[in-house]
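Beneath this line is the structure, given in C-alpha cells, with notes to follow.
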Amino acid sequence: MSLSDRLSFETLLGWRYTRAGRAARRNGFISFISGASMLGIALGVAALIVVLSVMNGFRKDVTDRMLSIISDVEVFAPDGGALLDPALTLAEVRRNPQVVGAAPYVGGQGLLARGEAMQGVMVRGIDPALEPQVTEVAAQLKNTLLPQLTPGSFGILLGNDLARKLGVMTGDTVTLIAPSGQVTPAGVVPRLKQMTVLGTFSSGHYEYDSALAMLNIQDAERIFRLEGPTGIRLKLRDKDQARAVADQLAASLSGNLLILDWTRQNSSWFAAVQLEKRMMFIILTLIVAVAAFNLVSTLVMTVQDKRADIAILRTLGASPASIMKIFVVQGALVGVIGTLAGLALGLLIAFNIGVIVPFLERLFHASFLPQDIYLISKMPSDPQSSDIVPIALISLLLSFVATIYPSWRASRVNPAEALRYE
C-alpha cells in the first residue's frame, strides 16, 4: 500500500492546495503568498535562534571571564572579621563531594597611591600555594608571579588596568592605605604600607582588572590587623551547581558563617542579562507571529478561489469538519515547513558564526567587535535546546492558530451559493 493510499483525502487535498500554482497559472499569486508566509516563518525562527545563541555565547564568555578571578563559592565571617576556626571550616567544606579546591583569603578595601595618583582597590590576601586551586588567573601565575608573594616581602600584584591608572610598572613602589587607622594623641592616623609591584595580571574582566590587588595572606593579615583569614574560596566540579552547594554548606558548616555563590555575588548583572534575553525573545517572536498570521490572508484567498471545489466536495458527502481539516492541513504544512527550514538555517548560522562573521568583516572591511571596546574579538555563540525547542513549538502553535478562522469560513460555504454562477 502506497503512502497516498494511507493518507486521508483531507490531507492529500491540503497538500495539493499548498502546492497550488505549479500547474495552474491563475493560482500563482496564491502560491507566492503561501511561499512568502513560509519564508517569513523560516526567517523569524532563524533570527530567534541566532540572536538567542549569540546572547547565550556572550553570557557564557562573560561568566567564564568572571569566574577566572572569582571563586564559585565563598565562605566568610558575617562581621567581615577573621574566621574563628579556619582549619575546621576548611576540613568541613572539603567533605562536600562537589568541592575540588579550597583556599583561605583575606578580603578588604583600601587606597593605593603613587605620587598624585590614587585609586580605591579591593585588596585580596591569598595563599600562593592554594589559590591556584580556586581561580584560573592564579593557576596561570602559579609558576611565575605567585612564588614571589612570600610572607614579609610586602609584594603586590595589580590588575592591568589598575596599574595603568596608577602609572606603575613592575618594580615600582606604591603606598597601600588601610581604611582603619591607628589612634594616637594627635588623632586617628591611617595605616600606610609601602608595597613593591611584582607584576600585573589580566582576567579579561574590567571590573576586577581595574580594582583588584593581590598580596600574600600573611602580609594582608598584618596590614588589616587580623588574626586569620576572613574567608575561604571554593572551586566546584560543576559551577552550575554553585547555588545548591552553597545551600548544602549553609546547613552543614559549624559556626555562624555566611556563604555566597557566584550567581548571588553578581545577581544584578545576571538579572539584567536574563531580562534582556526575555525581552529580545518577545520582540523577535512578534516577527514569527506576523509571518504566521500571513497565513490568514493566504488561506482566505485559497478558500475564495476554491469555493467551487468546496461546494462539489460538500455535494459528494464531505462534512464541514472534513472541509475545515483540508485548510487546517494546508496552513499547518506551511507552518511546519517554514519552522523546519528556520531551524535548519538558524542552527547552521549559530554553529558556524565563527566563520560567517570574519567573512562578513573581510567583505565589508569592518570590525563588528573591536577588541579594545568589547574585550573579545570573536562573536560567541552557544545554541541551547532550552531556547530552540520553545521557539519551534511557538512557531508551530502560531501557525496552527492562524488556520482556524479561514478553515472555519471554508466549512461554512453554502454549496448552492458557490455553484450558482459556475
Original post:
Residues with beta-carbon under 12 Å from that of R164, excluding R164: net charge, scoring Lys, Arg +1 and Asp, Glu -1?
Top reply: 0
Subject >> Long-range amide H partners of N216 with built H, under 5 Å >> reply: I126, G155
Original post:
In terms of solvent-accessible area of protein heavy atoms at a 1.4 angstrom probe, what is the ranking of K239, K165, highest value first?
Top reply: K165, K239
Original post:
Which order do D240, D72 take when ranked by solvent-accessible area (1.4 Å probe, heavy atoms of all protein chains), largest first?
Top reply: D240, D72
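Based on the mean of other Cβ atoms within 10 Å per residue, sort peptides 98-106, 257-265 so the most packed one is first.
Sorting 98-106, 257-265 by mean packing, highest first, produces 98-106, 257-265.
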Original post:
Just one of (1) 49; (2) 66; (3) 54 is percent of Cα pairs over 27 Å apart as worked out from the coordinates here. Which one is it?
Top reply: (2)
Original post:
Given only helices, namely DSSP H runs of n ≥ 4 each adding -39500 (n - 2.57), what is the per-residue ellipticity at 222 nm of the chain, to the nearest 500 deg cm²/dmol?
Top reply: -17500 deg cm²/dmol
Original post:
Going toward the positive end of the dipole of the chain, with +1 on Lys and Arg Cβ and -1 on Asp and Glu Cβ, which of Q133, L111, Y405 do you reach last?
Top reply: Y405
Subject >> Estimated vicinal HN-Hα couplings, Hz - segment 100-117 in sequence order (Karplus 6.51, -1.76, 1.60; Gly, Pro = x) >> reply: 10, x, 8, 8, x, 8, 10, x, x, 10, x, 10, 10, 10, 8, x, 7, 7
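The values are calculated or read from the model by the stated rules, or taken from the named source; none is laboratory data. What you are looking at is a predicted structure, and each value in this text was computed from that prediction instead of being measured. In this analysis, Cβ positions are derived from the backbone assuming ideal geometry, glycine residues included, and neighbour counts consider all displayed protein chains. Surface accessibility is based on the protein's heavy atoms, side chains included, excluding ligands, DNA and RNA. Shrake-Rupley method; radii C 1.70, N 1.55, O 1.52, S 1.80 Å.
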